[in-house]
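Read-outs: derived from the displayed coordinates by stated rules, not from any lab. Note that the structure is predicted; figures quoted are calculated from it, not measured. No Cβ is skipped: glycine too gets one built from the backbone with ideal geometry, and neighbour counts run over all protein chains shown.
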Amino acid sequence: MVDAAIGGKNGVDLGHLKNQIGVINPPIMTIIDPAFLKTLPQQHLVNGSIEMFKHGLISDRVYWKDMLNVTDYLTDTFNSLIYQSAIIKSDIVTMDPFEKGPRKALNYGHTAGHAIESFLMEHEEREAVLHGEAIAAGIVVESFLSVQYASLSMDAYQEIKDWYTSLNFTFSFTDDEVMEMIDLMKYDKKNTNGEIKFVLLETIGSFVTNQVVANEDILAAFKELKK
């Protein structure tokens, strides 16, 4: 409703690599009916909400705070948040339909998050993960990097980490597994010339793109994820 439905992007995976082939064709119309949410279990409601939290992080601190106060996904209040989230994404993709600039911000949390997804798809002995769950972990990793490489404050990072902790996800990876995921990150569409480029936060509500990060700092961020 707030993510793939808006912006016209249609992508398919190649094996375990995310979104390697696709086109951008804006739809004539997108219809959102929150009544369908009543058919979903709680895990999937949480999973779907992660992109809404991301929208707050990259564009609107007040919206982020409103999302932190959500306790029920089946209310008129949450329906209003869905609408606001759809507007946030629509405004960004209207400004930059082919992801040459600001639209890259929508990938916040996704460089690490997609690598987690791809790694777990490749290793079938590991427990499966939903997209939003992986992106939530990716948001924590990239928020930690934002403290080092952008200007995100430790207080803001802790606020994001506290939100993640409240979700009760339990991701833990060895250094060797993280290095394998760093190799997977090289396939991310934001990269050029083999450099892994991240979207990072300056503050909650503002971002910078095309940030190159050292492998040892990515390792440190994944260690922080385990704490």
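With θ taken as phi - 60° and the coefficients 6.51, -1.76 and 1.60, list the Karplus ³J(HN,Hα) couplings across the range 94-103 in order, rounded to whole Hz; mark glycine and proline as x.
In residue order, the calculated couplings are 5, 5, 9, x, 10, 6, 8, x, x, 4 Hz.
Label point 7 Å out from Arg126 along Cα-to-Cβ: which residues of the range 156-174 have amide N under 17 Å?
169-174
Can you give the relative contact order of the chain as a percent, counting alpha carbon pairs under 8 Å and 6+ residues apart? Intermediate values should be presented prior to the final figure.
Numbers: 318 pairs, mean separation 48.9, N = 227.
With pairs under 8 Å counted, the relative contact order is 22 percent.
To the nearest 20 debye, what is the magnitude of the charge dipole of the range 102-226 about its Cα centre, counting +1 on the Cβ of each Lys and Arg and -1 on the Cβ of each Asp and Glu?
Values: 10 positive and 21 negative charges, 119 e Å.
The calculation lands at about 580 debye.
So how much slack lies between Thr165 and Lys186, counting 0.36 nm per residue of separation and subtracting their Cα-Cα distance, in nm?
Values: separation 21, 0.36 × 21 = 7.56 nm, distance 2.80 nm.
Between Thr165 and Lys186, full extension yields an extra 4.8 nm.
In whole Hz and in residue order, list the ³J(HN,Hα) couplings for the range 195-200 that follow from phi through the Karplus curve 6.51 cos²θ - 1.76 cosθ + 1.60, θ = phi - 60°; x for Gly and Pro.
Per-residue couplings from phi come out as 7, 7, 10, 10, 8, 10 Hz.
Normalising by the residue count of the range 102-226, find the relative contact order in percent from Cα pairs under 8 Å and 6+ residues apart. Intermediate results must be reported in sequence, preceding the final value.
On the way: 171 pairs, mean separation 40.5, N = 125.
Value for the range 102-226: 32 percent.
What percent does the relative contact order of the range 169-227 come to when contacts are Cα pairs within less than 8 Å and at least six residues apart?
On the way: 48 pairs, mean separation 20.7, N = 59.
Value for the range 169-227: 35 percent.
Would you mind checking the range 98-115 for residues with the amide N under 14 Å from a putative spin-label position 7 Å along Cα→C-beta of Asp13?
The answer is 113-115, whose backbone nitrogens lie closer than 14 Å to the label point.
What does the charge add up to near Ser172, with Lys and Arg as +1, Asp and Glu as -1, over the other residues with Cβ less than 12 Å from its Cβ? Please report the intermediate quantities before stating the final value.
Details: positive: Arg126, Lys223, Lys226, Lys227; negative: Glu127, Asp175, Glu177, Glu224.
In short, 0.
How large is ³J(HN,Hα) for each residue in the range 119-130, as worked out from phi by the Karplus curve 6.51 cos²θ - 1.76 cosθ + 1.60 (θ = phi - 60°), to whole Hz, x for Gly and Pro?
Computed from phi, the couplings for the range 119-130 are 4, 6, 5, 6, 9, 5, 6, 8, 5, 5, 9, 7 Hz.
If you put +1 on each Lys and Arg Cβ and -1 on each Asp and Glu Cβ, how big is the dipole of the chain around its Cα centre, in Debye rounded to 20?
Working: 19 positive and 32 negative charges, 123 e Å.
Value, rounded to 20: 600 debye.
Write out the trypsin sites (Lys or Arg not before Pro) in the range 102-162 meeting two conditions: DSSP loop, and at most 14 other Cβ atoms within 10 Å of their Cβ. Please report the intermediate quantities before stating the final value.
On the way: sites: Arg103, Lys104, Arg126, Lys161; in loops: Arg126.
Filter output for the range 102-162: Arg126.
To the nearest 500 deg cm²/dmol, what mean residue ellipticity at 222 nm is calculated for the chain from DSSP H runs of n ≥ 4 alone, each contributing -39,500 (n - 2.57), summed and divided by the residues? Write down the numbers at each step before the final one.
Working: 8 runs with 114 residues, N = 227.
Rounded to the nearest 500, the figure is -16500 deg cm²/dmol.
Taking GluC sites (Glu not before Pro) as exposed when DSSP calls them loop (any state but H, G, I, E, B) and at most 10 other Cβ atoms lie within 10 Å, what is the longest stretch of the chain free of them, the sites themselves excluded?
So the longest stretch without any such site is 1-123.
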